[in-house]
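Presented below is the structure to which this report refers.
The values are calculated or read from the model by the stated rules, or taken from the named source; none is laboratory data. All values reported here derive from a predicted model rather than from experimental measurement. Note: ideal-geometry Cβ built from the backbone for every residue, glycine included; neighbour counts use all protein chains shown. When the accessible area is computed, the model is the full protein with side chains, heavy atoms only, and any ligands, DNA or RNA have been set aside. Shrake-Rupley method; radii C 1.70, N 1.55, O 1.52, S 1.80 Å.
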Amino acid sequence: MAIGTSAAGAEGVTAAGAAKATAGGAAGAELTVQQILERHAAARGGAEVWHNIQTMAWTGHIESGPGGISKHPFLLMFRRPAATRFEILGEGRRSVRVFDGTMGWKQRPTSQGTFEVKEYGAEEIDSSRDAGGLDGPLLDSKAKGISIALEGIDSVEGHRAYHLKLTLPSGQVRDDWIDAESFLELRYDRATRNAVGATGIVSVYLRNYQTVNGLVMPLLIETGDRRAATPTR
């Protein structure tokens, strides 16, 4: 199944179909982590629908620079249980990253017009495993070795949201915010390391949810500087 993504589109977060699927999940109710995860799975189209998908491909483009002036097409492919392939074309040169569930390799163009291939380092392997495969870390989290705790309720861009703290298989911690009305994921914060080895936190915002073949998907994903969520209690 191929899903086209576009960085140019509406920024509405709540899909109508998802809202109907989660009717009865009152925003003000005290919910357990398990109840939040169950409503989140239902909002995404249902766990059974996701379990039936064995492979998936995303196509789209990555925008960067002032006003998104730089655009690079990409292809992101998934195969259960944890294999991925990511290709990006920049300035006529293709970079590829492949993970088979155990090992990973990256192919990059050189200034001489050739390619170099390197194996993933330990941190890259851990990061690939932490990603949670085709359906991410929130679906079937226990089976993936991920523990989740409820940190409270925050506000994310005006949306009341459950703040979840995920401890991933590598031991890294990731923060996720789930809309308290639609139960769709609004944002997550993940650890990052730049080319010179400096570590930090990057925030990822998920927008423009649409239903594709029964799956509710964010067709716009924005990554940028960390912006704090505002606690509401």
(request) Please give the number of the condition Ser95 fails out of (1) touching a helix residue (DSSP H, G or I) at 6+ places or on another chain (Cβ under 8 Å); (2) open to solvent by less than 70 Å² (accessible area, probe 1.4 Å). (result) (1)
(request) Scan the range 99-112 residue by residue and report those that are open to solvent by 40 Å² or more (accessible area, probe 1.4 Å), in a strand (DSSP E or B) and at pLDDT 95 or above. (result) Trp105
(request) Starting from the range 103-114, keep only residues that are under 18 Å from Ser127 (Cβ atoms) and charged (D, E, K, R), then list their pairs with residues that are open to solvent by less than 70 Å² (accessible area, probe 1.4 Å) and assigned to a loop (DSSP other than H, G, I, E, B) whose Cβ atoms are within a distance under 8 Å, requiring at least 6 positions of separation or different chains. (result) Lys106/Tyr120
(request) Would you be able to say whether some residue in the range 10-27 is hydrophobic (A, V, I, L, M, F, W, C), modelled with pLDDT of 50 or more and in a helix (DSSP H, G or I)? (result) no
(message) Consider the range 162-187. How many of its residues are assigned to a loop (DSSP other than H, G, I, E, B) and open to solvent by less than 10 Å² (accessible area, probe 1.4 Å)?
(response) 4
(request) Taking the residues in the range 188-217 that are part of a strand (DSSP E or B) and among the polar types (S, T, N, Q) as candidates, determine which candidate is least open to solvent (accessible area, probe 1.4 Å). (result) Ser203
(request) Using the structure shown, decide if Asp140 is in a loop (DSSP other than H, G, I, E, B) and modelled with pLDDT of 95 or more. (result) yes
(request) Would you check which residues across the range 79-92 are in contact with a Gly (Cβ under 9 Å, 6 or more places away or on another chain) and either more than 22 Å from Gly145 (Cβ to Cβ) or open to solvent by less than 80 Å² (accessible area, probe 1.4 Å) (or both) and list them? (result) Arg80, Ala82, Ala83, Thr84
(message) With the requirement that a residue be under 17 Å from the mean Cα position of the chain (by Cα) and open to solvent by less than 20 Å² (accessible area, probe 1.4 Å), what does the range 113-157 give you?
(response) Asp130, Gly132, Gly133, Leu134, Asp135, Gly136, Pro137, Leu138, Leu139, Ser141, Ile146, Val156
(message) I'm trying to understand the selection: among the residues of the range 200-233, which are at pLDDT 80 or above and more than 17 Å from the chain's Cα centre (by Cα)?
(response) Gly200, Asn213, Gly214
(message) Tell me the residue from Leu184, Leu206 that is among the aliphatic types (A, V, I, L, M) and farther than 19 Å from Gln35 by Cα, please.
(response) Leu206
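Results for (1) touching a Gly at 6+ places or on another chain (Cβ under 9 Å); (2) not small (Gly, Ala, Ser), shown as yes or no for each residue.
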{"position": "Val117", "(1), (2)": "no, yes"}
{"position": "Asp126", "(1), (2)": "yes, yes"}
{"position": "Gly132", "(1), (2)": "no, no"}
{"position": "Ile148", "(1), (2)": "no, yes"}
{"position": "Gly152", "(1), (2)": "no, no"}
{"position": "Glu185", "(1), (2)": "yes, yes"}
{"position": "Val204", "(1), (2)": "yes, yes"}
{"position": "Asn208", "(1), (2)": "yes, yes"}
(request) Considering (1) of a type outside the set (Ser, Thr, Tyr); (2) in contact with a helix residue (DSSP H, G or I) (Cβ under 7 Å, 6 or more places away or on another chain); (3) more than 26 Å from Leu219 (Cβ to Cβ), say which one Lys118 fails and leave the rest. (result) (2)
(request) Filter the range 38-77 for residues that are within 18 Å of Tyr209 (Cα to Cα) and either open to solvent by 50 Å² or more (accessible area, probe 1.4 Å) or assigned to a helix (DSSP H, G or I) (or both) and give the result. (result) Arg39, His40, Ala41, Ala42, Ala43, Ala47, Val49, Trp50, Thr59, His61, Ile62
